Amino acid sequence: QVQLVESGGGLVQPGGSLRLSCAASGSFFSINVMGWYRQAPGKQRELVATITSGGSTNYADSVKGRFTISRDNAKNTVYLQMNSLNPEDTAVYYCNAEKIRTVQGVFSGYWGQGTQVTVSS
C-alpha cells in the first residue's frame, strides 16, 4: 500500500530553522491528506500541521506563523519548514497519511518511523 519515510531531523539552536521531508512510496493512486505530528517525552502525540491534495492547510496554534507545511503531489512528498524554533519544539516528528486511494480501496492511518528534532543551545 504505502510506506512513509521521514528525513531532515537533527539538532538546531533556538531561533534556528529546519526542514523536514516525508516521501511516500508503494502501490497507491493518491493521498488525500498528509501531515506532521510530534511527540515529546512525557506527552501524547499531537497534531502539528496537515495539508490536503488541494493545498488546504491546518496548523496547531503553537506553531502557527512559524511552521509551513507544503507538498509535492508529483513526488508524493510532504515538507515541514520550521522557523524560529524553540526548545518546546523538541520532539519526535511523525509523518502521517490519510485517505490513500489504492486498487484495493481507500485506507487511512499510515505513519512513518519518526525523526528526532532537538532544539538546544
In segment 27-76, how many are assigned to a strand (DSSP E or B) and either surrounded by 14 or more Cβ atoms within 10 Å (Cβ to Cβ) or modelled with pLDDT of 95 or more (or both)?
-> 24
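I'd like to check something: does segment 59-70 contain any residue that is under 18 Å from Val5 (Cβ atoms), touching a strand residue (DSSP E or B) at 6+ places or on another chain (Cβ under 7 Å) and β-branched (Val, Ile, Thr)?
Yes, segment 59-70 has at least one match.
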Test: Val92 is touching a Lys or Arg at 6+ places or on another chain (Cβ under 8 Å), open to solvent by less than 40 Å² (accessible area, probe 1.4 Å) and assigned to a strand (DSSP E or B) | yes
Identify the single condition in (1) under 18 Å from Gly10 (Cα atoms); (2) open to solvent by 60 Å² or more (accessible area, probe 1.4 Å); (3) in a loop (DSSP other than H, G, I, E, B) that Leu85 does not satisfy, given that it satisfies every other one.
-> (2)
Cβ pairs under 8 Å, 6+ apart, first in segment 79-104 and at positive phi, second of a type in the set (Ser, Thr, Tyr) = Ser84/Ser17; Lys99/Ser108
Of all residues in segment 31-49, count the ones that are within 16 Å of Ser70 (Cα to Cα) and in contact (Cβ under 8 Å) with a residue 24 or more places away in the chain.
-> 9
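The values are calculated or read from the model by the stated rules, or taken from the named source; none is laboratory data. No experiment lies behind these values; they were computed from the predicted model shown. So basically every Cβ, Gly included, is an ideal-geometry build from the backbone, and we count neighbours across all protein chains shown. With ligands, DNA and RNA removed, areas are computed over all heavy atoms of the protein, side chains included. Shrake-Rupley method; radii C 1.70, N 1.55, O 1.52, S 1.80 Å.
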